[in-house]
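Accompanying notes for the structure given below.
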Amino acid sequence: MMRSGLAVGTAPVWCAAAIFGAMFAGSAFAADKPAADWVGTWAASPVAVPVKADESAANATYRDVVHISLGGNTLRVQLTNEFGSTPLKVGAAHLAASAGSGAIQAGSDHALMFGGKPDVIIPAGAFVLSDPVTMTAAAMSDLAVSVYVPDQPLATKSCHSFAASTNYTMPGDETAAATPENAKETGSWCFVKGVEVKAGDKDAAIVAFGDSITDGAHSTANANHRWPDYLAARLQADKKLSHLSVLDEGIGGNRVLRDGYGPSALARFDRDVLSQDGVKYVIVLESINDIGRIHNPADPDAGVTAEDLIWGLTQLVTRAHAHGIKIYGATLTPYMGAGYSTERGEQVREAVNQWIRTGGVFDGAFDFDKATQDPQKPTWFLPADDSGDHLHPQDAGYKAMADAIDLKMFK
């Protein structure tokens, strides 16, 4: 068992969780969550990225190109030093409409202010919000956030290391540059963790919370073909739901119960979900990397069970409900044939999926497993949906996942 000192028999955990979920279903949502003044339109989960010995991380501009979901006329940006070990001085930051290839659209550049000043010091472990900027940004458009980090000791950057999009670093302060001269391409978003828009009466956010499958691993680069992107496009095409944004808080390699690449789901849920402005719904797709540990008998977490994962996921439900947020479970997609697949792991995956579908703890379930499985071999991906590693979908699989989401759950 993973959790020493805690009884985790199958029937008591499932039954107690179902009863607890039923209690919430009858009381926590008796009244709608109050409308927010701001709502996230784009987000990414930062992790600690050590600065390499030969890296010029300071006296550099980081131009992060982000794809927003909800449009607006007033925006603000979240800058992060949450994994820094020392205060981070930001010398300048700009927000503009992207023109592609790291360039910005003429006339769209706005210098960001922080309490009326163009620079800011972010304490170690903290993030800051810029002052509001009057700027029109269309739904499903790309923005460029440029952050200048002047000379300073810098051991660890706060970055989302897999962006599935091309970003740029440039020497010196190039935050207002029309094009990225002398730039290096990077696949990470650094020092930026969110963009928010001034909210209308109905505006709200859906957080997609998960691992590399939510992060869009093996999707086409620069195409915004992650399943949360496809979901955002579906919402924008529905006039009754176009007030909803989608925030992708996936981290590759993430686990529910233990830290790995990035903090565990249990550790980061408050920061990446509950602290986001305007969140009304969460979709959770996570556990497959915990299950993958079964592959190596020497791994201290090789004994993970379905009961352990059900307990961890129930914790997320309880915490979401305490904040008036509805939370939906997504079944785990097929993984047989993946490098860390095992028969016992498959049994755990199927048990967790059955609980997600029928346990009554989540406010609803979306069956990503059924949407992407091969009908002839249901423990394997449909070949057309498989990226080739038998763990991650390709674009068609990500679209199938988004299409499996019942939009009536958000009406």
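The values are calculated or read from the model by the stated rules, or taken from the named source; none is laboratory data. Bear in mind that the values here come from a model prediction, so they are computed numbers and not experimental data. Because the Cβ atoms are built from the backbone with ideal geometry, glycine has one as well, and the counts that use them run over all protein chains shown.
Screening the candidates Thr166, Thr214 for the property of being among the β-branched types (Val, Ile, Thr), touching a residue at least 24 places away in the same chain (Cβ under 8 Å) and not assigned by TED's automatic domain parsing to the domain that holds Ser275 yields one hit, Thr166. When Thr156 is tested against the conditions (1) without any contact (Cβ under 8 Å) to a residue 60 or more places away in the chain; (2) within 28 Å of Gly252 (Cα to Cα), the lone failure is (1). Residues of region 366-410 that are surrounded by fewer than 15 Cβ atoms within 10 Å (Cβ to Cβ) and in contact with a His (Cβ under 6 Å, 6 or more places away or on another chain): none at all. Test each condition in (1) crowded, with 17+ Cβ neighbours inside 10 Å; (2) more than 16 Å from Gly40 (Cα to Cα); (3) at pLDDT 95 or above; (4) more than 15 Å from the chain's Cα centre (by Cα) for Gly260 and report the one that comes out false. All conditions pass for Gly260, except number (3). In summary, strands (runs of 3 or more DSSP E) completely within region 85-137 and bearing 1 or more residues that are surrounded by fewer than 17 Cβ atoms within 10 Å (Cβ to Cβ) and hydroxyl-bearing (Ser, Thr, Tyr) occur at 133-137. Looking for something among the acidic types (Asp, Glu) and surrounded by fewer than 24 Cβ atoms within 10 Å (Cβ to Cβ) - is there at least one such residue anywhere in region 194-202? Within region 194-202 (the criterion being among the acidic types (Asp, Glu) and surrounded by fewer than 24 Cβ atoms within 10 Å (Cβ to Cβ)), the answer is yes, since at least one residue qualifies.
Quick check on Ile356: is it among the β-branched types (Val, Ile, Thr) and either touching a Gly at 6+ places or on another chain (Cβ under 7 Å) or closer than 25 Å to Asp301 by Cβ (or both)? Step through it out loud before you land on a result.
Working: among the β-branched types (Val, Ile, Thr): yes; either touching a Gly at 6+ places or on another chain (Cβ under 7 Å) or closer than 25 Å to Asp301 by Cβ (or both): yes.
Judged against the criteria, Ile356 is a match.
Of all residue pairs spaced 6 or more apart or on separate chains, those with beta-carbon atoms under 7 Å, a first member in region 220-243 that is at negative phi and a second member that is surrounded by fewer than 20 Cβ atoms within 10 Å (Cβ to Cβ) and of a type in the set (Lys, Arg) are Lys240/Lys411; Leu241/Lys411; His243/Lys202.
Entry remark, region 337-352: residues being buried (at least 21 other Cβ atoms within 10 Å of the Cβ) and charged (D, E, K, R) number 1 in total. The residues in region 369-403 that are within 29 Å of Leu241 (Cβ to Cβ), part of a loop (DSSP other than H, G, I, E, B) and within 19 Å of the chain's Cα centre (by Cα) can be counted, and the count is 2. Entry remark, region 217-235: residues being over 17 Å from the mean Cα position of the chain (by Cα) and either crowded, with 20+ Cβ neighbours inside 10 Å or not assigned by TED's automatic domain parsing to the domain that holds Gly250 (or both) number 1 in total.
Taken as a whole, the structure places Val361 among residues that are buried (at least 16 other Cβ atoms within 10 Å of the Cβ), of a type in the set (Val, Ile, Thr), touching a residue at least 40 places away in the same chain (Cβ under 8 Å) and in contact with a Gly (Cβ under 6 Å, 6 or more places away or on another chain).
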